[in-house]
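I have placed the structure first, in the form of structure tokens, so that the comments after it can refer back to it.
We did not get these values from a lab; they are worked out from the coordinates using the rules stated. Here the structure is a predicted model, which is why all the values come from computation and not from measurement. We place every Cβ from the backbone using ideal geometry, glycine too, and count neighbours over all the protein chains shown.
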Amino acid sequence: MAAFPADRVEQAAWICNARGQTLTPLRRRVFEIVLAADRPIGAYDVLDMLAAERGRVAPPTVYRSLDFLVGQGLVHKVLSVNGFVACSAAARPHDAQLFICGSCGSSVEVARQLRAGLIEEEAEALDFAIESVVLEVHGRCHACRLATAP
Ligand SMILES: [Zn+2]
Ligand SMILES: [Zn+2]
């Protein structure tokens, strides 16, 4: 198999390939749209952009593409704002840790494990089997705070 590519869309195709999955043209285009957005993008906005390019698009096909991308860890679902962001390190599946600005809507994903096993410890004490952990931190980003500084 070819070396891990530098381009993020090619990386997504590579990751799918390595898992025996296919980044179909529609999945690829949906990924490109999510990747190009500089903030979490809603499914309806993805639909609108596709419709502008291709005419009528059946919503379920777009939802299925988004589900596929989320399932492969290429895209994270941002529950608190009902949107999607491209993962910044999709080769290794993980739960997303996002800092989301309430003023401009931008989001930043951080790779370092911030929870340091505390949730896992509590889960073990409760004998609770974790399926996923959501960490979405809301606030205002540096640029927005600078813009409104006195
Ligand atoms: Zn990620
Ligand atoms: Zn901001």
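What full-extension length gain, to one decimal in nm, is calculated for Phe99 and Glu120 as 0.36 nm per residue of separation minus the Cα-Cα distance?
5.4 nm
So what is log10(I(q)/I(0)) for segment 104-150 at q = 0.16, 0.25 1/Å, when the Debye sum runs over its Cα atoms only?
After summing over all Cα pairs, the log10 values are -0.64, -0.98.
Calculate how many DSSP beta bridges within segment 8-147 are antiparallel, expressed in % of all such bridges and rounded to the nearest 5.
60 percent
If the only charges are +1 at each Lys and Arg Cβ and -1 at each Asp and Glu Cβ, what is the size of the charge dipole of the chain around the Cα centre, to the nearest 20 debye?
It works out to roughly 620 debye.
Determine the sum of side-chain charges near Val108: Lys and Arg each +1, Asp and Glu each -1, restricted to other residues whose C-beta is under 13 angstrom from that of Val108.
0
Determine the sum of side-chain charges near Pro40: Lys and Arg each +1, Asp and Glu each -1, restricted to other residues whose C-beta is under 14 angstrom from that of Pro40.
Combined, the nearby Lys, Arg, Asp and Glu give -2.
Which net charge results when you count Lys and Arg as +1 and Asp and Glu as -1 among the other residues whose beta-carbon is under 14 Å from that of Gln97?
Net of charged neighbours comes to +1.
Roughly how many nanometres apart are two label points built 7 Å out from the Cα toward the Cβ at Asp7 and Ala52?
Here the modelled spin labels are 2.2 nm apart.
Quickly rank 120-128, 43-51 as a protection proxy: mean count of other C-beta atoms within 10 Å, highest first.
Top to bottom by mean Cβ count within 10 Å: 43-51, 120-128.
Please report the relative contact order for segment 1-100, taking Cα pairs under 8 Å with a sequence separation of at least 6, and give it as a percent rounded to a whole number.
About 26 percent, as a whole number.
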